[in-house]
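One structure below.
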Amino acid sequence: MLKDTIRTIPDYPKPGIQFRDITTLLADGAAFTQAVAELTSPWTDARISTVAAIEARGFIVGAAVAHALGSGFVPIRKRGKLPHTTVSVSYALEYGTDTIEMHRDAVRTGERVLLIDDLIATGGTALAAVSLLRSVGAEVIGAGFVIDLPDLGGSAALRNAGIHAHSLVEFPGH
Ligand code: AMP
């Protein structure tokens, strides 16, 4: 099972967090192939022109999904990493804020975009990415995650924002 290929590291990066480590899934060829196929299958007829993915683990699966769909790939990065003119959005973390950025010209108005990340927890990161994409006129068709932590409410928050979130594996708690 896909779930068995994900390693859990207790108390990383801080006490109380169960870190869901996908490097063990990625290192397993059959599991990686299955994950990409399952992330891709809901969207094969959705005319996705661009997959946007969130630094850094999202890039690995997002690029593979973009390749499988035959669509383009757009990186959403932490502040200060992209060389050209960017749009940015800040969002609240447990302590403080974080900022993500995207090239302003990466997505055109009306483009059909699929958002990909490795994991959705509170949904803060994914919702920030959605607002970034919508700010340049993109139509966010859906979002895909390898892992959902449903008790933290992120996939429900995405649904409330009108976005269907599709994930492959769920873990209870956080
Ligand atoms: P959130 O914004 O709360 O939905 O958090 C999602 C982001 O934080 C994703 O980019 C994940 O890579 C990372 N993340 C949050 N919680 C975990 C966890 N328990 N294990 C691994 N990554 C996590």
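Every number here is computed from the coordinates shown, using simple stated rules; none is lab data. These numbers come from a predicted model, not from an experiment. Glycine also receives a Cβ, built like all others from the backbone with ideal geometry; neighbour counts cover every protein chain displayed.
On the basis of being touching a Lys or Arg at 6+ places or on another chain (Cβ under 9 Å) and among the aliphatic types (A, V, I, L, M), does ALA165 make the cut?
yes
Yes or no: segment 5-23 includes at least one residue that is within 15 Å of the ligand (Cβ to nearest atom), of a type in the set (Lys, Arg) and more than 20 Å from THR125 (Cα to Cα).
Within segment 5-23, one or more residues are within 15 Å of the ligand (Cβ to nearest atom), of a type in the set (Lys, Arg) and more than 20 Å from THR125 (Cα to Cα).
Given the residues ASP105, ASP151, ASP118, which is the only one that is touching a Gly at 6+ places or on another chain (Cβ under 7 Å), charged (D, E, K, R) and surrounded by fewer than 14 Cβ atoms within 10 Å (Cβ to Cβ)?
When all the criteria are applied, what remains is ASP151.
Please give the number of the condition VAL87 fails out of (1) out of contact with any Gly (no Cβ under 9 Å at 6 or more places or on another chain); (2) more than 23 Å from ASP45 (Cβ to Cβ); (3) not in a strand (DSSP E or B).
Unmet for VAL87, out of (1) out of contact with any Gly (no Cβ under 9 Å at 6 or more places or on another chain); (2) more than 23 Å from ASP45 (Cβ to Cβ); (3) not in a strand (DSSP E or B): (3).
Could you please find all residues in segment 157-174 being out of contact with any strand residue (DSSP E or B) (no Cβ under 6 Å at 6 or more places or on another chain) and surrounded by 14 or more Cβ atoms within 10 Å (Cβ to Cβ)?
Within segment 157-174, ALA157, ALA161, PHE171 meet the criteria.
What pairs come up if the first residue lies in segment 144-164 and is on the phi < 0 side of the Ramachandran plot, the second is surrounded by fewer than 14 Cβ atoms within 10 Å (Cβ to Cβ), and their beta carbons are under 7 Å apart, counting only those six or more places apart or on different chains?
Every condition considered, the pairs that remain are ASP148/GLU170; LEU149/HIS174; PRO150/GLU170; ASP151/PRO172; ASP151/GLY173; ASP151/HIS174; LEU152/HIS174.
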